[in-house]
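The values are calculated or read from the model by the stated rules, or taken from the named source; none is laboratory data. Keep in mind that this is a model prediction, so the values were computed, not measured. Cβ coordinates were reconstructed from backbone atoms using ideal geometry, including for glycine residues, and neighbour counts include every protein chain displayed.
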Amino acid sequence: MTTPDALITTYERWQKAGRPTQIPSPWKLKSWTNQLGHYKEFFNRLNGDPIDRKQAVQLSPIVTNEEEAVQVFLLAMLWGHGLVGYGPFRTSRILDRPEAAAELLEVAQVAQRDGGLAAFKLVVDRRNGESRSFLKWLGPAFGTKYIYFLTAKNNPQEPAPVMDAVVYRWFRKHAPDRKLRVDFWHTPSYEQFLNSLEEWASDIAQRFGQEIRIDDVEYLIFAEGSRFEGNDWSESWEAEQRAASPSLLFDQLRALASSSHSERQAFDLITDLEGLLLPRDEQSEMA
């Protein structure tokens, strides 16, 4: 299959604009320290400054221990969630599990040694084996953000980019023969996604005589329709995400429930309601 015309058009606009980087994601220091007080010192070091993907890669350490794995994960969550109000809650829910730091370290070690696809497959294998709760509450949309920063830092020439709902919609529209699943950890989908990016990056490089990385291609998918002037596309995308899913309401209810004397019962009830009312791809695995 040839490179989709939509990708070529976006590349040409991006190239003409001087290949601008993605607009940084703003975030609220107080919101994150309130929910994740244990990591307050780490957040304070970031000064509440907006974070773009290149800065997040620069700030990410090469992971050698659990603390460093959590730091990369927090950077991925900050960048991915930005100002969206449920971001700190969902991040806290993942990290509150006693096993979370060790599981993040395991993913990091595989990603740094064997690459992003191997790290993705590790999560699938663990969840299909005895560790069915491996990295519970973390879905592939934000899981691949974590994998991306790990691989982009460790091996900049072979990063494993983000596969999320934006990518899913783009593929469905412009590459419908390459079907992806992003509602759960599905190794064939991530492999096809990575192979597609590599194929299209190679084709664009040959056509235009300019080097382009596969994470540049993923960024161009994300930025479809952008004139690459100011924040013309990012604001509309953020507004779409805020209004896109009823699952956001459940997260807001959980945040309110945290102040209740019957917190556990309230959380259990909301989780039951999710299972009854929401389609599978909008339940908590989308985190």
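Annotations for the structure displayed:
- Residue count for the stretch 45-99 satisfying the condition of being in a loop (DSSP other than H, G, I, E, B) and among the polar types (S, T, N, Q): 4.
- In the set 115, 143, only one residue is under 20 Å from residue 62 (Cβ atoms) and buried (at least 21 other Cβ atoms within 10 Å of the Cβ); that residue is 143.
- Qualifying positions in the stretch 1-44 - part of a helix (DSSP H, G or I), polar (S, T, N, Q) and within 20 Å of residue 215 (Cβ to Cβ): 9, 10, 15
- Candidate set: the stretch 153-165, residues that are under 19 Å from residue 51 (Cβ atoms) and surrounded by 24 or more Cβ atoms within 10 Å (Cβ to Cβ); chosen: the one nearest to the chain's Cα centre (by Cα): 162
- Condition met for residue 182 (surrounded by 23 or more Cβ atoms within 10 Å (Cβ to Cβ), under 22 Å from residue 202 (Cα atoms), in contact with an Asp or Glu (Cβ under 7 Å, 6 or more places away or on another chain) and of a type in the set (Val, Ile, Thr)): no
- The condition (being in the same structural domain as residue 222 (by TED's automatic domain parsing), closer than 23 Å to residue 65 by Cβ and of a type outside the set (Val, Ile, Thr)) is satisfied by just one residue among 172, 126: 126.
- Members of the stretch 1-11 that are surrounded by fewer than 16 Cβ atoms within 10 Å (Cβ to Cβ) and either of a type in the set (S, T, N, Q) or at pLDDT 95 or above (or both): 2, 5, 9
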